[in-house]
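The structure under discussion appears below in the form of structure tokens.
The values are calculated or read from the model by the stated rules, or taken from the named source; none is laboratory data. These figures come from a predicted structure and were not determined experimentally. Cβ placement follows ideal geometry from the backbone for every residue including glycine, while neighbour counts extend to all protein chains displayed.
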Amino acid sequence: MTTPLVIIVVFVIGSALVGIVAGGRGEMNLERWSVGGRRFGVVLVWLLMAGEVYTAFTFLGASGWAYSRGAPAFYILAYATIAYIVSFFVLPPVWRVGKRLGLHTQPDFFLARYDSPMLAGLVAFVGVVSVVPYLQLQLTSLGLIVEIASAGAVTAKVATIGAFVLTSVFVYTSGLKGIAWVAIIKDVAMIVAVVIIGIGLPYMYFGGVGRMFAELLRQHPGHLTFPGSTQANGTAWVMSTVALTGVGFYSWPHLFASAFSAKDERTIRRNAIIMPLYQLPTLLIFFVGFTALLVVPGLKNADTALLVLVTRSYPAWFAGFVGAAGAVTAMVPAGVLLLSASTLMAKNVYRPIVRPGADDAHLMRASRVMMLGIALAALVLALWSPHELVNLLIFGYDGVSQFFPGIVLGLFVGRATAGPVALGLVSGEAVVVYLIWGRQDPFLGMNAGFVGLVVNGVVTLLAIAVTIGRRRAAGAQRERRVA
């Protein structure tokens with residue numbers, strides 16, 4: 001297995017070097033590092049957002065759920081398309097606010113709109129806590145890819161540590177522009193690999209996609225109808241998860257902040273129109289998962305289904321290429337996650353609490369230090385607390401989706417204030433934590449994050465109504481006194 005391992009290592013290191021060079025020469029400041037100087041056009045914004053969206057979760061987690069759960073995995077096809085529709089209307093006004101006020105992070109938006117450092121700090125804390133499992137997912141995936149490609153010669157733990165070091169160096173030196181250029185390599189490699197295996201594997205074993213589905217229905221008749229091969233992920237769970245992740249998609253701190261990198265709002269709208277095309281590769285990944293269920297049943301870790309079937313079915317050099325595509329698919333979003341989380345921690349937690357007078361140069365240094373700390377936390381979790389990849393992603397979504405009411409109200413409802421938004425956010429997060437830690441997810445068949453989002457929205461709207469009512473009552477009382 002030397003050949004695939006060498007290909008993966010060369011490909012990953014080469015991609016990192018491209019990013020370091022593309023980051024540009026000269027002093028790296030906070031504007032260049034975090035938002036690419038706000039000069040990205042349609043192509044770079046598209047590649048950057050696709051690089052953040054199509055991660056190791058798509059490459060391994062989606063095929064793993066198609067393998068182990070069946071129909072519930074179809075939520076992945078639906079939620080991103082809904083998210084792109086939401087982004088068409090929500091991200092342009094976000095960009096306008098960011099451009100006018102020079103914003104870099106998601107908490108910057110909450111601070112500018114609601115004038116509440118407390119609310120901005122709360123958003124920063126929840127954002128980082130939610131990002132760490134997502135980053136853990138990328139490092140865990142890289143470990144799996146290298147371990148399988150090397151037939152165990154390199155263990156997942158060793159590979160994960162190597163990925164941590166390489167990704168940290170890459171992000172430390174390159175910033176957002178370097179990540180965007182590596183996303184070009186990632187996207188080309190991923191699409192080529194997915195098209196070849198997504199069409200080739202069903203044809204290789206069954207003579208085509210249609211015959212593969214016929215055999216799947218014969219051997220596993222309930223696999224493609226809800227709840228698939230599970231007991232808990234029925235129709236209510238799928239619908240609530242699609243709603244949660246669809247509206248919460250651009251509530252991720254890194255995806256929200258990616259809007260600030262565009263050169264104009266028209267770029268963002270164009271991006272929203274063309275991004276749904278990226279759902280087609282996801283469908284091909286499902287084909288691989290279904291084929292693997294029939295060809296290599298009984299895998300202990302369903303997330304390895306794609307790699308196990310590829311290494312069994314193709315020459316070593318091509319298995320190495322697929323592994324390399326998967327590795328870079330993990331590295332690019334890991335870089336964006338690290339950059340976004342460290343910037344918001346430095347700017348929205350460290351400066352207000354520790355160094356109120358810190359300038360941008362100091363914040364740049366603090367961001368890099370915190371980037372290493374966040375990466376280390378994700379590394380520890382990846383090594384000693386592994387979880388199913390899709391569940392890691394959904395756990396993160398449960399947290400960040402609670403930002404959505406505050407974002408929408410902040411953009412379109414002038415009377416919304418910090419108090420009601422903070423109260424709703426805390427209520428939603430409390431429900432999510434209670435249900436997940438109490439092992440009540442799904443709750444009444446629905447995703448715990450969706451239940452939390454409903455509670456969040458109701459509490460926020462009621463609090464706004466009460467606040468407006470009190471203001472009107474106080475105004476009326478003042479008028480009576482004057483009279």
(Q) Return the residues of the stretch 451-483 that are charged (D, E, K, R) and modelled with pLDDT of 95 or more; say none if nothing qualifies. (A) none
Q. Among the residues of the stretch 428-450, which ones are of a type in the set (D, E, K, R) and at pLDDT 90 or above?
A. 429
(Q) Based on this model, can you work out whether residue 166 counts as under 30 Å from residue 316 (Cβ atoms) and touching a residue at least 60 places away in the same chain (Cβ under 8 Å)? (A) yes
Q) Failed condition for residue 142, given (1) within 20 Å of the chain's Cα centre (by Cα); (2) within 16 Å of residue 307 (Cβ to Cβ); (3) surrounded by fewer than 24 Cβ atoms within 10 Å (Cβ to Cβ), with all others met? A) (3)
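For (1) among the hydrophobic types (A, V, I, L, M, F, W, C); (2) closer than 22 Å to residue 59 by Cα, each residue gets a yes or a no:
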{"site": "232", "(1), (2)": "yes, no"}
{"site": "246", "(1), (2)": "no, yes"}
{"site": "257", "(1), (2)": "yes, no"}
{"site": "264", "(1), (2)": "no, no"}
{"site": "278", "(1), (2)": "no, yes"}
{"site": "293", "(1), (2)": "yes, yes"}
{"site": "309", "(1), (2)": "yes, yes"}
{"site": "314", "(1), (2)": "no, yes"}
{"site": "318", "(1), (2)": "yes, yes"}
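Under 18 Å from the mean Cα position of the chain (by Cα) and either of a type outside the set (S, T, N, Q) or closer than 20 Å to residue 399 by Cα (or both): does that describe residue 111?
The answer is no for residue 111.
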Q. In the stretch 272-290, is there at least one residue being more than 23 Å from the chain's Cα centre (by Cα) and surrounded by 22 or more Cβ atoms within 10 Å (Cβ to Cβ)?
A. yes
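Quick one: is residue 74 surrounded by fewer than 24 Cβ atoms within 10 Å (Cβ to Cβ) and more than 22 Å from residue 225 (Cβ to Cβ)?
no
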